[in-house]
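S.K.: Before anything else, here's the structure in question.
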Amino acid sequence: MLASILFPSFVALTALAASPDDWRTRSIYQLVTDRFATPDGSSPTCNTDDRRYCGGNYKGVINKLDYIQSMGFDAIWISPVVANVEGNTAYGEAFHGYWTQDINKLNDHFGSADDLKSLSDAVHKRNMYLMVDVVVNHMVATSNPPNFGSFEPFNQQSDYHSFCFIQASDYDNNQTAVEQCWLGDENLPLADINTEDPNIVSTWNSWISGLVKNYTFDGVRIDTVKHVRKDFWPEFAKSAGVYTVGEVLHNDTNYVAPYTQSLSAALDYPAYFALTTGFQTTNGNLSTLAAVVQSGQSVYDNGEHYMGSFLENHDNPRFQSLTQDQALVKNAMTWPFVQDGIPVLYYGQEQGYTGGNDPANREALWLSGYGEDKPLVQHVKTLNAARKAAASTNKDFYTSSLKFLVDSTNNLAISKPPMLTLLTNEGSTSTPQWNVPNAGYSANQELIDVLTCTKVNADANGGVSIKGSGGNPQVLLPTSALAKGGSVCPDAATGAQASSARSLTVQVLGSSLAIVLSLLVAFS
Ligand SMILES: *[C@@H]1O[C@H](CO)[C@@H](O)[C@H](O)[C@H]1NC(C)=O
Ligand SMILES: *[C@@H]1O[C@H](CO)[C@@H](O)[C@H](O)[C@H]1NC(C)=O
Ligand SMILES: *[C@@H]1O[C@H](CO)[C@@H](O)[C@H](O)[C@H]1NC(C)=O
Ligand SMILES: *[C@@H]1O[C@H](CO)[C@@H](O)[C@H](O)[C@H]1NC(C)=O
């Protein structure tokens with residue numbers, strides 16, 4: 001009897017936790033909580049060079065969810081939430097959240113526990129997901145040796161690996177040093193936690209389980225994953241109980257691959273390096289991107305599926321600090337939305353921000369005015385919508401693996417049926433030509449570039465031959481994949497009428513199911 005009462009609650013809990021399969025249909029907006037929005041909508045000055053708290057918080061995020069959702073994002077990755085080093089350091093204040101002091105307290109610059117729960121509720125009400133960012137590898141000190149007693153809970157020197165800084169040469173030659181020596185420098189040492197100690201392991205595992213449950217997070221982004229032994233991660237990921245995506249900063253797919261077995265996936269750094277070098281000048285080599293992605297498809301645990309695909313983040317210079325050729329920018333920005341993994345867009349990219357290396361790439365978004373008429377906001381909106389449209393006509397869209405039908409130095413044709421994406425790094429003065437003989441369409445099928453709403457027909461063999469203009473990318477879909485009355489090229493769409501009735505039914509069914517499941521939990 002007891003077991004039969006407990007069993008449904010177990011089912012309910014697992015049904016509610018978001019798995020990698022739940023995440024693969026999502027599109028993620030990454031934000032730095034301090035820099036995204038203020039609670040009262042004010043626009044205080046925020047000089048990135050100062051590295052100070054600028055006043056963004058959870059209430060600010062709640063007030064700006066419309067802005068995020070209207071671009072088509074259905075998941076948000078927020079910066080770390082736990083209590084950090086207070087006050088000024090050699091590198092400014094801990095506004096970014098990555099300088100952990102106490103894993104059991106929240107960083108109150110961003111609001112209270114109730115504010116964070118309100119954010120989680122507000123996100124879930126919109127059927128969006130919330131991802132939290134966590135650091136497990138280290139605590140952060142303002143002196144060397146650190147004042148170990150100031151850390152919570154790992155407050156003994158013996159909770160840490162013995163002191164040595166990681167040397168540049170270690171990255172290629174000594175993985176033990178990468179895992180057990182320290183990051184940081186004399187001014188701000190990152191005290192490396194002894195993640196071999198079983199007590200520490202079990203503290204971390206129950207902590208992540210509690211954190212995810214307390215705030216109903218749907219996913220966890222994990223910092224500095226390659227700095228912790230690989231076999232630490234499977235239990236940690238299991239304890240989190242949701243999708244986990246790790247930062248493994250490396251350009252080689254073979255280095256990253258083992259971490260895709262321990263976690264749900266990794267952030268796709270190998271593709272990131274090829275993407276930025278491929279598109280930052282007209283001399284880049286797009287074949288390298290194709291080669292890296294094909295390697296990822298074969299060596300990652302689930303191919304490129306579940307990988308976080310990004311062009312920018314808080315650790316790397318914004319793409320527009322490398323080039324401001326808008327054709328190159330639009331091509332590079334298109335990639336994360338047309339590949340096998342989960343798209344991640346770093347806040348501010350849509351507003352055309354140009355900040356270089358940290359701290360310049362952490363600009364306050366309020367200084368942009370959140371204008372929704374900007375060209376790149378529209379670009380992102382269309383790309384998110386195109387991805388959903390492709391998935392709505394091909395149920396295998398998310399699970400299928402893309403193919404490069406053209407793979408040359410300057411041009412790529414990427415097939416992920418029913419989507420065919422044409423990318424070029426020839427730049428804004430070029431008129432690129434793509435010849436894709438076997439694109440997989442039916443004879444003379446009517447297609448449309450969703451970025452310009454320009455129609456083109458496939459040839460008699462289902463191939464596509466197109467001359468582009470202004471070096472722009474093209475994202476082709478059959479006009480029949482676009483819903484009449486939908487948001488993408490509505491005048492040309494020939495697909496079934498966009499139906500609000502159907503999605504309403506699904507929502508009503510979804511929430512009654514949630515009520516039934518929570519009743520089961522309540523009664524167990
Ligand atoms: C790797 O680094 C560790 C930690 O610094 C050190 O003890 C060990 O000797 C190094 N191994 C090699 C082969 O250099
Ligand atoms: C989760 O909530 C419980 C109960 O209030 C508390 O004991 C625990 O410290 C919390 N854990 C985290 C990581 O917030
Ligand atoms: C990664 O970067 C290193 C150092 O720049 C380079 O030597 C190596 O060829 C790169 N590897 C790949 C797979 O791109
Ligand atoms: C471009 O990259 C491909 C794949 O890595 C390589 O085979 C080719 O030689 C490169 N081309 C140039 C011009 O460097």
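The values are calculated or read from the model by the stated rules, or taken from the named source; none is laboratory data. Treat the numbers as computed from the prediction; the structure is a model and nothing was measured. Every residue, glycine among them, receives a Cβ derived from its backbone with ideal geometry; neighbour counts consider all protein chains shown.
S.K.: In the set Ile166, Ile193, which member is modelled with pLDDT of 95 or more, in contact with a helix residue (DSSP H, G or I) (Cβ under 8 Å, 6 or more places away or on another chain) and under 30 Å from Trp23 (Cβ atoms)?
M.R.: It is Ile193.
S.K.: Has the stretch 120-141 got at least one residue that is over 25 Å from the mean Cα position of the chain (by Cα), surrounded by 21 or more Cβ atoms within 10 Å (Cβ to Cβ) and more than 29 Å from Phe310 (Cα to Cα)?
M.R.: yes
S.K.: Val178: within 16 Å of ligand 3 (Cβ to nearest atom), of a type in the set (Val, Ile, Thr) and either more than 24 Å from Gly241 (Cα to Cα) or surrounded by fewer than 16 Cβ atoms within 10 Å (Cβ to Cβ) (or both), yes or no?
M.R.: So Val178 fits the description; yes.
S.K.: Using beta carbons and a limit of 6 Å, which pairs, at least six apart or on different chains, have the first residue in the stretch 204-217 and part of a helix (DSSP H, G or I) and the second one among the hydroxyl-bearing types (Ser, Thr, Tyr)?
M.R.: Asn205/Ser239; Ile208/Ser239; Ser209/Ser239; Tyr215/Ser120
S.K.: Out of Pro198, Pro234, which single residue is away from ligand 3 (no atom under 16 Å from the Cβ) and free of Cβ contacts under 8 Å to residues at least 12 places away in the same chain?
M.R.: Result of the check over Pro198, Pro234: Pro198.
S.K.: Pick out the one residue from Pro146, Pro80 that is modelled with pLDDT of 95 or more, in a loop (DSSP other than H, G, I, E, B) and under 23 Å from Pro343 (Cα atoms).
M.R.: Among Pro146, Pro80, only Pro80 is modelled with pLDDT of 95 or more, in a loop (DSSP other than H, G, I, E, B) and under 23 Å from Pro343 (Cα atoms).
S.K.: If I ask for residues that are surrounded by 14 or more Cβ atoms within 10 Å (Cβ to Cβ) and either charged (D, E, K, R) or farther than 16 Å from Leu183 by Cα (or both), which ones from the stretch 158-168 would you list?
M.R.: Asp159
S.K.: Let me ask something else. Would you mind telling me which numbered condition in (1) in contact with a strand residue (DSSP E or B) (Cβ under 7 Å, 6 or more places away or on another chain); (2) in contact (Cβ under 8 Å) with a residue 24 or more places away in the chain Glu179 fails?
M.R.: (1)
S.K.: Let me ask something additional. Is it true that some residue in the stretch 229-241 is within 16 Å of ligand 2 (Cβ to nearest atom) and either touching a Lys or Arg at 6+ places or on another chain (Cβ under 7 Å) or polar (S, T, N, Q) (or both)?
M.R.: Scanning the stretch 229-241, I find at least one residue that is within 16 Å of ligand 2 (Cβ to nearest atom) and either touching a Lys or Arg at 6+ places or on another chain (Cβ under 7 Å) or polar (S, T, N, Q) (or both), so the answer is yes.
S.K.: Checking Lys395 against (1) of a type in the set (Lys, Arg); (2) buried (at least 17 other Cβ atoms within 10 Å of the Cβ); (3) farther than 19 Å from Phe273 by Cβ, only one condition comes out false. Which one?
M.R.: Lys395 satisfies all of (1) of a type in the set (Lys, Arg); (2) buried (at least 17 other Cβ atoms within 10 Å of the Cβ); (3) farther than 19 Å from Phe273 by Cβ except (2).
S.K.: Kindly check whether there is at least one residue in the stretch 227-249 that is among the small types (Gly, Ala, Ser), more than 27 Å from Asn331 (Cβ to Cβ), assigned to a strand (DSSP E or B) and more than 16 Å from ligand 1 (Cβ to nearest atom).
M.R.: Yes: the stretch 227-249 contains one or more residues that are among the small types (Gly, Ala, Ser), more than 27 Å from Asn331 (Cβ to Cβ), assigned to a strand (DSSP E or B) and more than 16 Å from ligand 1 (Cβ to nearest atom).
S.K.: Give me a count of the residues in the stretch 174-208 that are polar (S, T, N, Q) and either closer than 26 Å to Val256 by Cβ or within 16 Å of ligand 1 (Cβ to nearest atom) (or both).
M.R.: Going through the stretch 174-208 one residue at a time, the tally reaches 7.
S.K.: With the condition kept exactly as written, say whether any residue in the stretch 206-227 is in contact with an Asp or Glu (Cβ under 9 Å, 6 or more places away or on another chain) and within 15 Å of ligand 3 (Cβ to nearest atom).
M.R.: yes
S.K.: If a residue has to be farther than 27 Å from Thr393 by Cα and charged (D, E, K, R) to count, how many in the stretch 414-428 make the cut?
M.R.: Here the count works out to 1.
S.K.: Against the conditions (1) over 30 Å from Ser120 (Cα atoms); (2) outside any loop (DSSP other than H, G, I, E, B); (3) touching a strand residue (DSSP E or B) at 6+ places or on another chain (Cβ under 9 Å), where does Phe163 fall short? Just the number, please.
M.R.: Condition (2) is where Phe163 drops out.
S.K.: In the stretch 406-436, how many are closer than 17 Å to Lys467 by Cβ and without any contact (Cβ under 8 Å) to a residue 60 or more places away in the chain?
M.R.: 11
S.K.: Separate question: Could you tell me which residue of the stretch 209-248 is farthest from the chain's Cα centre (by Cα), considering only residues that are hydrophobic (A, V, I, L, M, F, W, C) and farther than 16 Å from Tyr259 by Cβ?
M.R.: Leu211
S.K.: Within 22 Å of Ala360 (Cβ to Cβ) and away from ligand 1 (no atom under 16 Å from the Cβ): which single residue out of Gly87, Gly111, Gly97 fits that description?
M.R.: Gly97
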